[in-house]
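What follows is a set of notes on a single structure, which appears directly below.
Only the coordinates and a few stated rules stand behind these numbers; no lab work does. Keep in mind that this is a model prediction, so the values were computed, not measured. Here the Cβ is made from the backbone with ideal geometry for all residues, glycine too, and neighbour counts use every protein chain on show.
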């Protein structure tokens, strides 16, 4: 199982701070696709940074069972 966490506006839009996905190995790109399919209202999923096990990850990075994935939406401010 892979645990996926949402932060900031993504958490509110999804209505949950996290989801679990029963899959063995996948990529960040596939997780982003799964999140967009599960929560189509999460428009920020396309531009959000993704961290795997607390380290920023690229689209092709492998995610394995037991890993945690965090979607971190862009922030603005001064």
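Computed over the chain with a Gaussian network model linking Cα atoms closer than 10 Å, the most mobile of 20, 45, 57 is 20. Each principal axis of the chain carries a Cα extent, and these read 38, 23, 16 Å when sorted largest first.
Normalising the average separation of contacting C-alpha pairs (under 8 angstrom, six or more residues apart) by the number of residues puts the relative contact order of the chain at 41 percent. Spatially, the stretch 39-77 and the stretch 1-32 are offset by 8 Å when compared through their Cα centroids.
Let's test the formula: R0 of 22 Å, r as the Cβ-Cβ distance of residue 49 and residue 20. What FRET efficiency results, to the nearest 0.05? With a Förster radius of 22 Å, E is 0.60. In degrees from 0 to 90, rounded to the nearest 10, what is the angle of the helix 28-38 Cα long axis to the longest principal axis of the chain? Rounded to the nearest ten degrees, it is 60.
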